[in-house]
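A quick write-up on the structure given underneath.
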Amino acid sequence: MSLATTRFLPVLDCPDPRALADFYRRLLGWTITDDREDWVELARDDSTALAFQRDPDFTPRHWPADGVHAHLDFHVPDLDEAERLVLGLDALRADDGSNKNTFRVFRDPAGHYFCLCAE
């Protein structure tokens, strides 16, 4: 037996849900579908979304020293173009560039890790 789900919703803790949702809105072009003070949802469609939850005590982890509990992967057709976009939105490059042809690691403005991956 498996869990019957209607939606999968990753949630990122952060100090400012609206600001982080706006970063991902500009990055992905998705739509804000729920905007409350402590919770914001950003959706591509009925089954693909991200949520951002206020956590005033959120502290970003430091990779690779602290490890990473979870991160987001975005598969893109052009890594160089995608990197220019995320850096223009104030993301920070987090890796040493040794895997530059297959994936690149970044931190969003709140400090969460995400990767751009070659298709």
Residue that is least open to solvent (accessible area, probe 1.4 Å), among those in the stretch 71-102 that are closer than 24 Å to A51 by Cα and without any contact (Cβ under 8 Å) to a residue 24 or more places away in the chain: G88
Members of the stretch 40-49 that are open to solvent by 50 Å² or more (accessible area, probe 1.4 Å) and closer than 23 Å to A91 by Cα: R44
Unique residue being free of Cβ contacts under 8 Å to residues at least 24 places away in the same chain, at negative phi, open to solvent by 30 Å² or more (accessible area, probe 1.4 Å) and aliphatic (A, V, I, L, M) when the list is A65, A19: A65
Evaluation of A51 against (1) hydrophobic (A, V, I, L, M, F, W, C); (2) under 15 Å from C14 (Cβ atoms); (3) in a loop (DSSP other than H, G, I, E, B) (one fails), failing number: (3)
Single residue of A82, A110 found to be assigned to a loop (DSSP other than H, G, I, E, B), at pLDDT 90 or above and under 15 Å from the mean Cα position of the chain (by Cα): A110
Number of the condition not met by G29 [criteria: (1) open to solvent by 80 Å² or more (accessible area, probe 1.4 Å); (2) farther than 16 Å from L9 by Cα; (3) within 15 Å of the chain's Cα centre (by Cα); (4) not aliphatic (A, V, I, L, M)]: (1)
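The values are calculated or read from the model by the stated rules, or taken from the named source; none is laboratory data. Source: prediction; values computed, not measured. Don't worry about glycine lacking a Cβ; one is built from the backbone with ideal geometry, like all the others, and counts go over all protein chains shown. To get the accessible areas, we keep the full protein, side chains included, count just its heavy atoms, and leave off ligands, DNA and RNA. Shrake-Rupley method; radii C 1.70, N 1.55, O 1.52, S 1.80 Å.
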